[in-house]
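Heads up: the structure comes next, in structure tokens.
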Amino acid sequence: MATDLSKFDTGKYNVGAGKLKVLSWYLINNYMFNSPLPWPGKLKLSILRAFGAKVGSGIVLKPGVRIKNPWRLSIGDNCWIGESVWIDNLEDVVIGANVCLSQGAMLLTGNHDYTLSDFPYRLGKIVLEDGVWIGAQSVVCPGVTCLSHAILTVNSVATKQLEPYKIYAGNPAVLIRERKFKTEDVIGL
């Protein structure tokens with residue numbers, strides 16, 4: 001048996017929107033979001049909402065961000081999304097409040113089943129709970145949940161759940177230490 005990509009099809013996958021909406025988003029995404037031009041953040045957030053994204057307030061959305069399907073995206077308050085972030089959300093992506101996605105981070109909800117010759121999709125929702133930080137050039141794989149205040153360090157790959165208040169590094173990412181806050185940060189001094 002061998003891989004035969006001529007047999008691939010999307011199967012029962014449903015993008016979650018009509019063809020006109022998908023085409024419209026494709027054009028806007030490439031013109032305004034995945035662009036080096038510094039379009040006003042409030043305008044970009046309004047457009048995301050118009051396409052069905054659930055978007056909080058106080059969000060910083062840098063240039064060069066790619067979002068596959070905004071109708072499958074939820075972002076909480078006070079989040080930072082850095083340059084060249086790719087949210088490849090074939091499935092839902094839920095981002096809590098005060099989450100940082102650093103430059104070049106990728107949230108990948110889809111993969112392929114390499115054990116089958118027709119290479120079908122393997123999809124999984126991604127959840128980033130409040131206070132999570134995904135470091136620059138890091139990847140969060142399909143089906144992964146990063147629990148409250150977890151950190152995925154620069155150039156790491158999360159293939160399984162990240163526990164709360166823990167720091168992970170490597171490919172695949174492994175626990176390296178606890179995330180601790182200084183006392184004055186916790187009590188608001």
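With at negative phi and either surrounded by 14 or more Cβ atoms within 10 Å (Cβ to Cβ) or not in a helix (DSSP H, G or I) (or both) as the only criterion, which of L43, L23, L27, L37 stands out? It would help to see each step written out before you state the result.
Values: L43 fails: either surrounded by 14 or more Cβ atoms within 10 Å (Cβ to Cβ) or not in a helix (DSSP H, G or I) (or both); L23 fails: either surrounded by 14 or more Cβ atoms within 10 Å (Cβ to Cβ) or not in a helix (DSSP H, G or I) (or both); L27 fails: either surrounded by 14 or more Cβ atoms within 10 Å (Cβ to Cβ) or not in a helix (DSSP H, G or I) (or both).
Within the list L43, L23, L27, L37, the selection yields L37.
Among the residues of the stretch 55-81 satisfying the criterion of being among the aliphatic types (A, V, I, L, M) and not in a loop (DSSP other than H, G, I, E, B), which is most open to solvent (accessible area, probe 1.4 Å)?
That would be V60.
(1) touching a residue at least 24 places away in the same chain (Cβ under 8 Å); (2) within 19 Å of the chain's Cα centre (by Cα): which one isn't true of P36, the others all being true?
Among (1) touching a residue at least 24 places away in the same chain (Cβ under 8 Å); (2) within 19 Å of the chain's Cα centre (by Cα), the lone unmet condition for P36 is (2).
From the list V65, V60, which residue is more than 20 Å from D92 (Cβ to Cβ) and at pLDDT 95 or above? Reasoning before the result, please.
Values: V65 fails: more than 20 Å from D92 (Cβ to Cβ).
Result of the check over V65, V60: V60.
The values are calculated or read from the model by the stated rules, or taken from the named source; none is laboratory data. If you're wondering where the values come from, they're calculated on a predicted model, not measured in any experiment. Neighbour counts are summed over all protein chains in view; Cβ atoms, including those assigned to glycine, are modelled from backbone coordinates with ideal geometry. Calculation scope for accessible area: heavy atoms of the full protein, side chains included, ligands and nucleic acids excluded. Shrake-Rupley method; radii C 1.70, N 1.55, O 1.52, S 1.80 Å.
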